[in-house]
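What follows is a set of notes on a single structure, which appears directly below.
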Amino acid sequence: MWIKLTDVNGDHITLNFNHVVSFNPYGTGTHIVTTTAGLTFFVKETIDEIQSKVGISAG
């Protein structure tokens, strides 16, 4: 599943969420860790916004 996010510089990125290992709050956004060693992203979207995009219900 591909989702569109915004990196901390304001650039849009498209991420294949099937390769995400974890995502955690970081400042006002989210830190995303992928299956590729050393490939992580810091995005402006919150955990709740990302969960909504991928269909994960909070709770």
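So Thr30 passes all but one of these: (1) more than 11 Å from the chain's Cα centre (by Cα); (2) polar (S, T, N, Q); (3) at pLDDT 95 or above. Which condition number does it fail?
It is condition (1) that Thr30 fails.
Which residues, taken from region 1-43, are of a type in the set (A, V, I, L, M, F, W, C), surrounded by fewer than 10 Cβ atoms within 10 Å (Cβ to Cβ) and farther than 16 Å from Val54 by Cβ?
Ala37
Taking region 34-46, which residues are under 8 Å from the mean Cα position of the chain (by Cα) and not in a loop (DSSP other than H, G, I, E, B)?
Phe41, Phe42, Val43, listed by residue number.
The values are calculated or read from the model by the stated rules, or taken from the named source; none is laboratory data. What you see is a predicted model, and the numbers here were worked out from it, not measured in a lab. Glycine gets a Cβ as well: all are built from the backbone with ideal geometry, and neighbour counts include every protein chain shown.
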